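One structure is given here, and the rest of the page talks about it.
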Amino acid sequence: MPPSAAPNLQSIYSFHSPALNDYAHSTIEASITTLFDGKRYDPTTIADQTTQLNKKVVELLARACGNFKYVSTAIVTENVGGGKEGERDFVVDTCCCWSAETDDVVDVVWKSEEMSVAVQLFATLI
């Protein structure tokens, strides 16, 4: 899980900053692992877990650097049958109007035997 005390990234005004971009990646990966690693896909709880994931990612990033608006999209699918080895099980795509100089997107895909989780986090400078 990301450190409970968020790093002070308040002086960053470009999401291309390695410190902020790396923090976003590690925060998303740690949040996914905390919520889903070692767990079975359960359709009765997956909606709540996905909401928790999005809220946690946005909360941690906003605390670390409040100079951006964050939009997190998470998709969780159960791994059953389907594609051939090495093929993507699903595709996630989103479009946003932004400044290429300051704004960016982080994509993280995580898989276990039970499920696949994809998160896209958009950050746009306020």
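The numbers here are math on the coordinates, done by the rules we state, and not lab data. Note that the coordinates shown come from a computational prediction; the quantities given were computed from them, not determined experimentally. Positions of Cβ are backbone-derived with ideal geometry, glycine not excepted, and every protein chain shown enters the neighbour counts.
Taking every pair of Cα atoms in the range 18-125, average 1/r, invert it to obtain the Kirkwood radius, and report Rg/Rh to two decimals.
Ratio value, two decimals: 0.98.
Could you tally the net charge around Lys56, taking each other residue with its Cβ under 14 Å from the Cβ of Lys56, Lys/Arg +1 and Asp/Glu -1?
-1
Taking the highest mean first, how do the peptides 19-32, 100-113 order by number of other beta carbon atoms within 10 angstrom per residue?
19-32, 100-113
Counting Lys and Arg as +1 and Asp and Glu as -1, what is the net charge of the other residues whose Cβ lies under 9 Å from the Cβ of Met115?
Every neighbour counted, the sum reads 0.
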